[in-house]
Amino acid sequence: MTMCNPRRIRVRASRQLAEAWRAEVTRTAQASDTATGEARLTQPLGRQLPGPVRQRLVDLLRATPGWRVVDGALRREMPGGYVEYRPDTGEVAIVARVTAEFTVEASATRADSGEAQGTADAEFEASYYTDGYAGRTKAVAEREANEKAGQDATVQARENALRNAEAERAAALQRLQEAAADIDEEARARALAAIEEERARREADARNEAALLAQTYQQDYLREINLPLAQAYRDILVAHAQRVGAGGLTVQENGDFIDIQFNQREA
């Protein structure tokens, strides 16, 4: 059998690939505020009182520690609100307040993106025999060389594209970080806008809660008026009995109750 020296064929392949990249910078800002809700229950207490009792009630409230004058009304701070008596109208107000601190968070993001190109050339050499010995024909060698060169060029082009994409992403990230102050400002603006919306919702909830609390507090708050009111009646009745010379005057106090008895002489 005669075997020729092998011949060689060299193939060069070129590849160009694209690799997508994205860079982004996010900044987050917080804003805090307080939501307040208030509910008021009023009763026309003073309108039903005799003038002397009404005046004596005012005198007693002014002299009682914890009561102070606020905008012409006598007010006593209570847990969760206050009770108020207006001498001018005779109204008693029970006011419940609810306050809640809250914090909102908002973010701002700036991003950049693109595609990086990667190119590469690769060569591969394959051998064949002119007589096709062992199946190594020129066509087989050429196909093998094309495949190998193409594979090598593809791998190198992908590596180049990845390397270029990382470089472009890093450069874009640097540009975005240089604009961090603007991004921070945008995040703060969004937080302030968000807190306005959140405040409206929280205040509505606080008002509803305060309305329920006002009903709950009503009896305890009114006791701060009713006790001085009973004392005012006591003082006025005792003064009247003493003035008219009534006999058998007795005054008994038991907790929230005052029992006054006397015999008023006929005129």
Among what's in region 216-244 and is farther than 20 Å from residue 67 by Cα and of a type in the set (S, T, N, Q), pick the residue that is modelled with the lowest pLDDT.
242
Lone unmet requirement of (1) under 56 Å from the mean Cα position of the chain (by Cα); (2) free of Cβ contacts under 8 Å to residues at least 24 places away in the same chain for residue 147:
(1)
Among 131, 184, 152, which is the only one that is assigned to a loop (DSSP other than H, G, I, E, B), in contact (Cβ under 8 Å) with a residue 40 or more places away in the chain and surrounded by fewer than 18 Cβ atoms within 10 Å (Cβ to Cβ)?
131
Restricting attention to region 1-54, report how many residues are surrounded by 15 or more Cβ atoms within 10 Å (Cβ to Cβ), more than 30 Å from residue 152 (Cα to Cα) and either without any contact (Cβ under 8 Å) to a residue 24 or more places away in the chain or small (Gly, Ala, Ser) (or both).
6
When residues of region 98-112 are filtered for being surrounded by fewer than 17 Cβ atoms within 10 Å (Cβ to Cβ), more than 30 Å from residue 174 (Cβ to Cβ) and in contact with a helix residue (DSSP H, G or I) (Cβ under 9 Å, 6 or more places away or on another chain), how many remain?
4
Could you tell me whether any residue of region 5-13 is over 37 Å from the mean Cα position of the chain (by Cα), farther than 30 Å from residue 171 by Cα and of a type in the set (Gly, Ala, Ser)?
yes
Taking into account only those residues within region 113-128 that are of a type in the set (Gly, Ala, Ser) and surrounded by fewer than 17 Cβ atoms within 10 Å (Cβ to Cβ), which is modelled with the lowest pLDDT?
127
Restricting attention to region 71-123, and to residues there that are of a type in the set (Gly, Ala, Ser) and within 30 Å of residue 17 (Cβ to Cβ), which single residue is farthest from the chain's Cα centre (by Cα)?
122
Do we have residue 106 as aliphatic (A, V, I, L, M) and modelled with pLDDT of 95 or more here?
yes
I'm trying to understand the selection: among the residues of region 73-110, which are free of Cβ contacts under 8 Å to residues at least 40 places away in the same chain and within 18 Å of residue 49 (Cβ to Cβ)?
73, 74, 84, 88
Does region 38-45 include one or more residues that are more than 30 Å from the chain's Cα centre (by Cα), modelled with pLDDT under 95 and more than 30 Å from residue 202 (Cα to Cα)?
yes
Within region 218-239, residues over 50 Å from the mean Cα position of the chain (by Cα) and closer than 18 Å to residue 93 by Cα come out as none
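The values are calculated or read from the model by the stated rules, or taken from the named source; none is laboratory data. Because the structure is predicted, anything quoted here is derived from the model rather than measured. Positions of Cβ are backbone-derived with ideal geometry, glycine not excepted, and every protein chain shown enters the neighbour counts.
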